[in-house]
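The values are calculated or read from the model by the stated rules, or taken from the named source; none is laboratory data. No experiment lies behind these values; they were computed from the predicted model shown. Heads up, the Cβs are rebuilt from the backbone with ideal geometry, glycines too, and the neighbour counts pull from every protein chain shown.
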Amino acid sequence: MRQRYIFTYLILLAIQIILGDLLNLSQYVIVCFLPVMVLSLPITLSTPRLMIIAFASALAVDFFTNGMLGLNVCALLPVALARNRLIRLVFGSELLSRQEDISIHKQGGGKVLLSILLATTLFFAVFIPVDCAGTRTLSFMAVRMLVSVAVSSAVSYYVAGVLAPREADRWN
Amino acid sequence: MAVERKRFGSGILSAAVFVALEIAAIIMLNHSSSLQNIWINRASHRVHAIIWSAGENIRNYFTLDKQNKVLAAENIELSSMVREFGQRDLSYRENHFYDTKLGHFKMIPATIVKASRNTQHNYIILNKGSEDGVKPQTGIVTTSGVIGVVNSVGKHFSYGITLMNPRMSVSARIGFTGMVAPLEWDGCNTDGAIMRGLPLHQQINPGDTVWTSGFSSVFPADIPIGVTGRIRQVDGSTNEVSVKLFQDFSALRYVIITENLDRVEISELEKEAEK
């Protein structure tokens, strides 16, 4: 089970690298589902461990894509740090105390989508200003943020379904 | 309690790991792109500036007491300097009048202690009295005109009536070689006077300078008093000229008391001639 999860995680990471390297839709659109991958990591992981995994994942994406080394790392670490608070905010503290992983089937699509939106927004709130480095206008960054959050959240919702544990299905 | 302590410890550890990894990410970013390098350096300088300025503010706050003492001492020193310069300025202004040559006149500089300007019978009190050599019936002038006459003298102060008084009249001349007539206050303005009884056949031009004639034994000759203004015919027999005084009585502080040294001799001569 665990091996299957790790395998899926690595496959998704590889897809993210390929997407980041090859998919250039527009300067306004960034497709990134790293936040949902961090969000979907097992709830039993402590925050420092979570941050180390996030660091390694983002570093791999930065390293294998044409992007700047450290950009995804910089943006993903706050998501990892805030993951437990975010889960508590959206799903309540019960999920943490039961140590249940996030699942669309069990927690419902709305809540999962809300958590994805928050995590993705947090990610792009760091990613876009650092990427623009003060060279773009605020309006450009706002549009880029809105479009990227919308597109990435939609992709992330699908990724959340792929990463969700099978035994967590609500009706099983 | 133990759970809380564990949670606190875990929070600290998370924060420390986050800071360490974020610093590592920023270092990587700093080295990977020159644009980001500039941006990060700029941000870092801004943070440095904020930290240094905050530190400086804190340090300043704790040295306020010391600075206050220094400022108080400096304030005292400056105040004494201002007073000293004020005294020098006063004596300069008073002494400045000694340089003016006004014939056989003894001049005593004085400062106005009190002056009335709002009544019909205005007066001034000067800071010089008999001990300073001031005598009654001596003139009070400035370099800009005639002010009044000393009426009575105390030990340290003198009382005089000003030109802004119906009892006061000055012998004045229009132009250097023009007509001589008495000049009196117009009763309204602090810088207005009237010359009455001027013959009709003499031409008077508005803007002519009015001087002291020197015909009285009180005021020296040729002190500029003002300029002529509107000319009006009175009863078809004489002209009346308004004069705008150079010296505005509302802006008056330093004066000269003028004593004619030949006055006694002139008086005796007049008395002898009357016999």
Note to self: Looking at B:S53, B:S91, can you tell me which residue is part of a helix (DSSP H, G or I) and closer than 30 Å to B:I112 by Cβ?
What the structure shows: B:S91
Notebook entry, point to check: How many residues does segment B:145-166 hold that are surrounded by fewer than 17 Cβ atoms within 10 Å (Cβ to Cβ) and assigned to a loop (DSSP other than H, G, I, E, B)?
Noted result: 4
Check: In this structure, does B:S33 turn out to be within 7 Å of chain A (Cβ to nearest Cβ), surrounded by 10 or more Cβ atoms within 10 Å (Cβ to Cβ), in contact with a Ser or Thr (Cβ under 9 Å, 6 or more places away or on another chain) and within 25 Å of A:F123 (Cα to Cα)?
Finding: no
Next item on the list: Out of A:L71, A:L77, A:L96, report the one residue that is at pLDDT below 90 and within 9 Å of another protein chain (Cβ to nearest Cβ).
Entry: A:L71
Note to self: I'd like the full set of residues that are buried (at least 16 other Cβ atoms within 10 Å of the Cβ) and closer than 15 Å to B:M179 by Cβ, limited to segment B:206-225.
What the structure shows: B:D208, B:T209, B:V210, B:W211, B:T212, B:S213, B:G214, B:I225
Item checked: Checking A:A119 against (1) more than 18 Å from A:L50 (Cβ to Cβ); (2) part of a helix (DSSP H, G or I), the condition it does not meet -> (1)
Checklist line | Residue satisfying all of: in segment A:85-101; touching a residue at least 12 places away in the same chain (Cβ under 8 Å) and outside any helix (DSSP H, G or I); surrounded by the fewest Cβ atoms within 10 Å (Cβ to Cβ) among these | finding: A:Q99
Next item on the list: Working only within segment A:109-128, note down all residues that are modelled with pLDDT of 90 or more and surrounded by fewer than 22 Cβ atoms within 10 Å (Cβ to Cβ).
Entry: A:L113, A:L114, A:L117, A:L118, A:T121, A:L122, A:A125, A:V126, A:I128
Margin query: Just to confirm my filter: which helices (runs of 4 or more DSSP H) fall fully inside segment A:1-66 and include at least 2 residues that are on the phi > 0 side of the Ramachandran plot and crowded, with 16+ Cβ neighbours inside 10 Å?
Written below: none
Next item on the list: Only residues that are free of Cβ contacts under 8 Å to residues at least 40 places away in the same chain and either closer than 21 Å to B:M179 by Cα or of a type in the set (V, I, T) (or both): list them for segment B:235-275, please.
Entry: B:D235, B:G236, B:S237, B:V264
Check: When the residues of segment B:236-273 are filtered to those that are in contact with a strand residue (DSSP E or B) (Cβ under 9 Å, 6 or more places away or on another chain) and part of a helix (DSSP H, G or I), which remaining residue is surrounded by the most Cβ atoms within 10 Å (Cβ to Cβ)?
Finding: B:F249
Item checked: Scope segment B:177-224; condition part of a loop (DSSP other than H, G, I, E, B), within 19 Å of B:N165 (Cβ to Cβ) and hydroxyl-bearing (S, T, Y); matching residues -> B:T190, B:S216
Next item on the list: List every residue pair whose Cβ atoms sit under 9 Å apart, with the two residues 6 or more apart in sequence or on different chains, where the first one lies in segment B:1-22 and is within 11 Å of chain A (Cβ to nearest Cβ) and the second, anywhere, is outside any helix (DSSP H, G or I).
Entry: B:S10/A:S46; B:L13/A:S46; B:S14/A:S46
